[in-house]
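Trainee: Okay, handing you the structure first.
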Amino acid sequence: MKRVTLPDGTDVPALGQGTWMMAEGMMAEGRGNRAAEIAALRAGIDHGLTLIDTAEMYGDGASESLVGEAIAGRRDGLFIVTKVLPSNASRTGTVKACERSLKRLGIDRIDLYLLHWRGGVPLAETVEAFETLRAAGKIARWGVSNFDVDDLEELAEVADLQGCAVNQVLYNPEHRGIEYDLLPFQHTARMPVMAYSPIGQGGGLLRSPALLAVAKRHDASPAQVALAWAVRQQGVIAIPKAGTAAHAVENAAALRLSLTAGDLAEIDRAFPPPRRKQPLAMI
């Protein structure tokens, strides 16, 4: 399986599992979905998707609890990522939020703890809290999410960027503005990009004639094409969500798909790469 190396030398899979909008059905009628989602996460793990991303914001902690149930008894070899809300990212608030996340996840250490997006708390204060948690063994490393180049430059004023493991941002063929400046900046800093929503939202991307044509040539699905496109270059980790075990297995198989120069050119014609700076896209 293709791997991506973090700044501290740790290797993680280039393809992981996202959990945004999972664990939404907490009433009795949602138990079937919950069981399917747990089965999906476990199937993904079985097929090498051992990086799992969640956040305290997702379902007000329900997603973290879902992940905790899915990984119970299977912690070894997993790489667990979660995020602190900006409103909780103060010196003391970060520590308290981390403790709550650890409890919901049922683990004693988070592999990667991210600031979900920029808020009103000074970055220096959040970084101090991250380092306190790292020294205490509560987290192994920290990073950020939804940061543009100017945000990372500001972060560099208060912390060594080598201490920031990743920047998690929206990236797929429909949203490729980061290729103009953010992706090159992070390559220079040796900071991987973690791509959320790599197969888009609402299914529009997967109905693209370009992706459908490429998928047909490779006897693949449009989702697999989108995932192969996202991780086609070094330093990009994609974290698609799968609601069923079959979907998780399909996602894992995307790493066996090698897109040709012609495939990439066809996707470029449908979704042109950026020619100028664009505002950082977020959802």
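The values are calculated or read from the model by the stated rules, or taken from the named source; none is laboratory data. Only a predicted model underlies this, so the values are computations on that prediction, with no experimental measurement involved. When we count neighbours, we look across all protein chains shown, and the Cβ atoms used for this are built from the backbone with ideal geometry, even at glycine.
Trainee: Kindly evaluate residue 163 against the criterion of being at positive phi and in contact with a helix residue (DSSP H, G or I) (Cβ under 9 Å, 6 or more places away or on another chain).
Mentor: On the way: at positive phi: no; in contact with a helix residue (DSSP H, G or I) (Cβ under 9 Å, 6 or more places away or on another chain): yes.
For residue 163, the condition - at positive phi and in contact with a helix residue (DSSP H, G or I) (Cβ under 9 Å, 6 or more places away or on another chain) - is not met.
Trainee: Then there is this: Applying the selection to the range 51-82, what residues are over 29 Å from residue 120 (Cβ atoms) and assigned to a loop (DSSP other than H, G, I, E, B)?
Mentor: 72, 73, 74, 75, 76, 77, 78
Trainee: Consider residue 202 against the criteria (1) at pLDDT below 95; (2) not in a loop (DSSP other than H, G, I, E, B): it satisfies all of them except one. Which criterion is unmet?
Mentor: Answer for residue 202: the failing condition is (2).
Trainee: Still on this structure, please answer the following. Failed condition for residue 167, given (1) touching a residue at least 40 places away in the same chain (Cβ under 8 Å); (2) closer than 20 Å to residue 111 by Cβ, with all others met?
Mentor: So residue 167 meets the others, but not (1).
Trainee: Something else now. Pairs, please: C-beta under 9 Å, at least 6 apart or cross-chain, first residue more than 18 Å from residue 20 (Cβ to Cβ) and in the range 65-84, second hydroxyl-bearing (Ser, Thr, Tyr) and surrounded by fewer than 24 Cβ atoms within 10 Å (Cβ to Cβ)?
Mentor: Taking only residues 6 or more apart or on different chains, the pairs are 77/50; 78/50.
Trainee: Just a yes or no: is a residue in the range 83-103 at pLDDT 95 or above, part of a helix (DSSP H, G or I) and within 29 Å of residue 256 (Cα to Cα)? Walk me through it before giving the result.
Mentor: Pass one, the range 83-103, residues at pLDDT 95 or above: 83-103.
Among the residues that remain, those that are also part of a helix (DSSP H, G or I) are: 86-88, 91-103.
Now restrict to residues that are within 29 Å of residue 256 (Cα to Cα): none.
Within the range 83-103, not a single residue is at pLDDT 95 or above, part of a helix (DSSP H, G or I) and within 29 Å of residue 256 (Cα to Cα).
Trainee: Within the group 46, 76, which residue is within 22 Å of residue 228 (Cα to Cα) and surrounded by fewer than 18 Cβ atoms within 10 Å (Cβ to Cβ)?
Mentor: Working: 76 fails: within 22 Å of residue 228 (Cα to Cα).
Matching residue, one of 46, 76: 46.
Trainee: Go through the range 243-283 and count every residue that is among the aliphatic types (A, V, I, L, M), within 18 Å of the chain's Cα centre (by Cα) and in a loop (DSSP other than H, G, I, E, B).
Mentor: Final tally of qualifying residues: 4.
Trainee: Mind listing whichever residues of the range 229-238 are surrounded by 24 or more Cβ atoms within 10 Å (Cβ to Cβ), within 21 Å of residue 212 (Cα to Cα) and either modelled with pLDDT under 95 or touching a Leu at 6+ places or on another chain (Cβ under 8 Å) (or both)?
Mentor: 229, 238
Trainee: Considering the range 246-266 alone, what residues qualify as being in contact with a Lys or Arg (Cβ under 8 Å, 6 or more places away or on another chain) and within 19 Å of residue 1 (Cα to Cα)?
Mentor: 255, 259
Trainee: Let me ask something else. Looking only at the range 109-119, decide whether some residue is in contact with an Asp or Glu (Cβ under 6 Å, 6 or more places away or on another chain) and buried (at least 20 other Cβ atoms within 10 Å of the Cβ).
Mentor: Checked against the condition, which is being in contact with an Asp or Glu (Cβ under 6 Å, 6 or more places away or on another chain) and buried (at least 20 other Cβ atoms within 10 Å of the Cβ), the range 109-119 yields no hits at all.
Trainee: Does any residue in the range 267-279 that is aromatic (Phe, Trp, Tyr) come within less than 7 Å, Cβ to Cβ, of a residue that is surrounded by 13 or more Cβ atoms within 10 Å (Cβ to Cβ) six or more places away or on a different chain, and which pairs are these?
Mentor: Qualifying pairs under 7 Å: 271/173; 271/174; 271/176.
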